[in-house]
Amino acid sequence: MRRVARVVSLVAIVALMGAACGKKSSSTTSGGGKPGTGTTVCEVSDSGGFNDKSFNQTAHKGVTAAESKIGVKSVFL
């Protein structure tokens with residue numbers, strides 16, 4: 001029972017940190033701007049770091065690809 005409570009707490013903390021990294025955009029872009037301009041994406045790594053040859057590294061590649069392709073700003077924790 002304690003393990004379930006710890007996992008639920010950890011998931012809630014990560015979700016709150018992800019929501020806190022977001023930025024509410026008051027203006028919209030029109031025309032030739034990239035669709036992600038003005039959006040901040042936050043990625044949180046565990047103790048393995050971003051070069052762990054696992055899900056952290058794959059997620060990191062996805063965020064960096066989103067930076068170049070759709071123009072989001074990234075924050076890595």
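One equal scatterer on each Cα of the chain, no solvent, Debye formula: the resulting log10 I(q)/I(0) at q = 0.19, 0.25 Å⁻¹ is -0.89, -1.17. Extension gain, Phe76-Val11: 0.36 nm per intervening residue step, less the Cα-Cα distance, totals 21.7 nm.
Relative to the longest principal axis of the Cα atoms of the chain, helix 55-70 runs at roughly 10 degrees.
None of the figures in this text is laboratory data; all of them are computed from the coordinates on show. Owing to the predicted nature of the structure, the values given are computational and were not obtained by experimental measurement.
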